[in-house]
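Below is one structure, written out as structure tokens; comments come after it.
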Amino acid sequence: MESPFRADILRGQVAFVTGGGSGIGFEISRQFGKHGASVAIMGRRRHVLDAAVSALQSEGIQAIGLAGDVRKREDASRVLEEAFKHFGKLDILVNGAAGNFLASPEDLSPNAFRTVLDIDSVGTYTMSHEALNYLKKGGQGKGLSTGGLILNISATLHYTASWYQIHVSAAKAAVDSITRSLALEWGTDYDIRVNGIAPGPIQDTPGMRKLVPAEMQSDVSRDDRLLHKLGKTWDIAMAALYLASDAGKFVNGTTMIVDGGHWLSQPRYIAKEDVKNLSRVVEKKSRKSPVGIPSSKL
């Protein structure tokens with residue numbers, strides 16, 4: 001799809017994207033690059049990073065891949081410093097790394113619950129904390145940019161409640177709170193804007209493949225979505241471009257819902273037994289080709 005934005009709106013900027021090797025994170029990286037930014041992507045799997053970087057570079061985008069775990073402060077510090085040394089500055093941090101799997105509360109161990117919070121919410125704060133010196137106003141500390149942007153990828157699950165998603169709902173609620181608090185603190189002190197995007201169901205993403213296998217997606221009722229379709233990664237990337245561009249320069253502390261109005265139909269009643277059966281299908285598929293975080297290992 002053709003972008004409505006000028007091709008140079010992010011010219012000269014440097015973006016760092018966690019979870020940038022696939023899904024929403026990759027498309028944000030791609031669109032940022034196509035609109036003039038240089039991009040560093042971070043992830044835990046080197047082969048995924050290498051494939052993503054190769055794809056970005058094939059489109060003429062300046063991109064590097066840095067392996068690391070957002071749960072580890074030493075990894076966060078190391079990869080951000082590597083990106084800064086490579087590109088000479090940092091303007092945008094996108095916190096897109098996330099963990100998810102289906103689990104009922106009675107079957108979800110506290111350790112499994114904690115793992116998702118560590119990736120989504122603690123990871124978001126850890127990356128933001130370590131990026132501060134590179135982003136803050138006036139080139140203080142190690143940074144060279146005059147202010148910057150932090151963009152946190154959230155969700156809409158916690159606006160009401162969802163079966164088998166207590167861990168993710170708690171994690172994303174924390175992410176939204178982090179967004180508001182940092183927007184107040186760092187917007188005032190360092191001219192850093194902090195915003196979020198809450199995607200709805202997005203097709204062709206790891207999240208959809210983990211939670212709704214392809215053979216079951218046709219069973220999802222189209223009537224549950226006001227625009228009668230799943231979103232695309234492109235839709236989320238366009239929202240990210242808006243927030244990163246001068247058009248969004250007066251937006252701070254906001255989590256933008258990008259789901260076609262899907263969340264307005266909540267609570268959508270889905271029988272818990274249906275979700276239980278779905279979780280069994282997902283778990284069976286994950287044993288054959290592991291994706292996400294198998295709850296049995298947490």
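Values in this text are rule-based calculations from the coordinates and carry no lab data. Only a predicted model underlies this, so the values are computations on that prediction, with no experimental measurement involved. Cβ sites come from the backbone with ideal geometry, for glycine too, and all protein chains shown count toward neighbours.
Per-residue extension of 0.36 nm, minus the Cα-Cα distance of ASP246 and SER104, leaves a gain of 46.8 nm for this segment.
Could you give the length gained on full extension between VAL281 and SER3, defined as 0.36 nm per residue of separation minus the Cα-Cα distance, in nm?
Additional length available on full extension: 96.4 nm.
Rounded to the nearest 0.05, what FRET efficiency is calculated for ASP191 and ARG11 with R0 set to 25 Å and r the Cβ-Cβ distance? Efficiency, rounded to the nearest 0.05: 0.80. For the cross-link pairs LYS34/LYS72; LYS172/LYS232; LYS72/LYS229; LYS34/LYS229; LYS172/LYS272, the ones whose C-alpha atoms lie over 32 Å apart are LYS72/LYS229. Applying 1/(1 + (r/R0)^6) with R0 = 35 Å to the Cβ-Cβ distance of ARG114 and HIS86 gives a FRET efficiency near 0.60.
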